[in-house]
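Step one of this worksheet: look at the structure below.
Values in this text are rule-based calculations from the coordinates and carry no lab data. Just so it is clear, the structure is predicted and the values come from calculations on it, not from any experiment. Cβ placement follows ideal geometry from the backbone for every residue including glycine, while neighbour counts extend to all protein chains displayed.
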Amino acid sequence: MRKFPTFIFDLDGVITNTEKYHYQSWRIICNDLGYNLTKEQNEELKGVSRNKCLLKILQWTNLNISQSKFEALLNKKNKIYLEKISKLNSSNIIDGVQDFIKNAKEQNHSVALYSSSKNAKFILSKLNLHGFFDAIVDGNSVRASKPDPEGFIIASKLTNSDPSNCVVFEDSEAGIIAGNKINMTTVGIGNSIKLNVASKVFKNFQEIKFKDFQIC
Ligand code: BG6
Ligand code: MG
């Protein structure tokens, strides 16, 4: 087993503030459906695949739609989202996270990314962060998205780490639940009440004392 824990980062809402664009895009789709999506409901969409998000929304709206309409809405949501992130660049990296990752690597932690997003690699290249990760797992790599732990299991295997020696950084309840299921240490980033299920919660990376996670 590794001496230092492996750090597994979420992307949207942890490395860059793209969650607000997911929310804005889903609100447009919901408006089309005559439904008002609230911020509280959006907490349940965080960390969840595009497909599962739309299934949840349809449950809330009590609407039945055809498969072709379903696919059309998924495509429309993604088109709106991609337009919103078209100008994303390295100035959109959340304060403190890049230094945290650099320090982690200097101190021999393996660093991985697991995002439910199928756009994760595209976003990482826009942020110029691709080279920082020893492993990248995204929405294209898994059959089941968070809260299923599949992606975290893949990330632990790719970094040759035991799940119990991994620390997950997440802004979503779904991501924290997924990490907890396989005994990873879970760290909630942000101030959502939903993060209370995490092992620890911090408002941001500047608050985290790096040595809190040294197991040696
Ligand atoms: C996650 C976001 O990272 O990616 C979710 O937290 C989003 O809000 C999911 O639904 C899927 O993203 P995409 O870009 O593949 O539609
Ligand atoms: Mg997130």
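Check the range 137-146 and report whether any residue there is touching a residue at least 60 places away in the same chain (Cβ under 8 Å) and on the phi > 0 side of the Ramachandran plot. Among the residues of the range 137-146, not one is touching a residue at least 60 places away in the same chain (Cβ under 8 Å) and on the phi > 0 side of the Ramachandran plot, which makes the answer no. Say we look at the range 97-142 and pick out the residues that are within 20 Å of Tyr81 (Cα to Cα) and assigned to a helix (DSSP H, G or I); which of these is nearest to the chain's Cα centre (by Cα)? Checked the range 97-142; the qualifying residue nearest to the chain's Cα centre (by Cα) is Ala120. Answer with yes or no whether Gly188 is crowded, with 20+ Cβ neighbours inside 10 Å and touching a residue at least 12 places away in the same chain (Cβ under 8 Å). Yes; evaluated as a whole, the condition is true for this residue.
Filtering the range 191-210 for residues that are touching a residue at least 24 places away in the same chain (Cβ under 8 Å) and within 14 Å of the chain's Cα centre (by Cα) leaves a non-empty set. Close Cβ contacts (under 6 Å, 6 or more residues apart or on different chains) running from residues in the range 151-169 that are without any contact (Cβ under 8 Å) to a residue 24 or more places away in the chain to residues that are surrounded by 24 or more Cβ atoms within 10 Å (Cβ to Cβ) and outside any helix (DSSP H, G or I) comprise Pro163/Met184. Being among the charged types (D, E, K, R) and under 22 Å from Pro149 (Cα atoms) is the filter; apply it to the range 104-127 and report the residue that is nearest to ligand 2 (Cβ to nearest atom). For the range 104-127, the residue satisfying everything is Lys118.
Conditions (1) charged (D, E, K, R); (2) within 16 Å of ligand 2 (Cβ to nearest atom), marked per residue:
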position: Pro5; (1), (2): no, no
position: Asp10; (1), (2): yes, yes
position: Thr16; (1), (2): no, yes
position: Tyr23; (1), (2): no, yes
position: Arg27; (1), (2): yes, no
position: Asp32; (1), (2): yes, no
position: Tyr35; (1), (2): no, no
position: Lys39; (1), (2): yes, yes
position: Asn42; (1), (2): no, yes
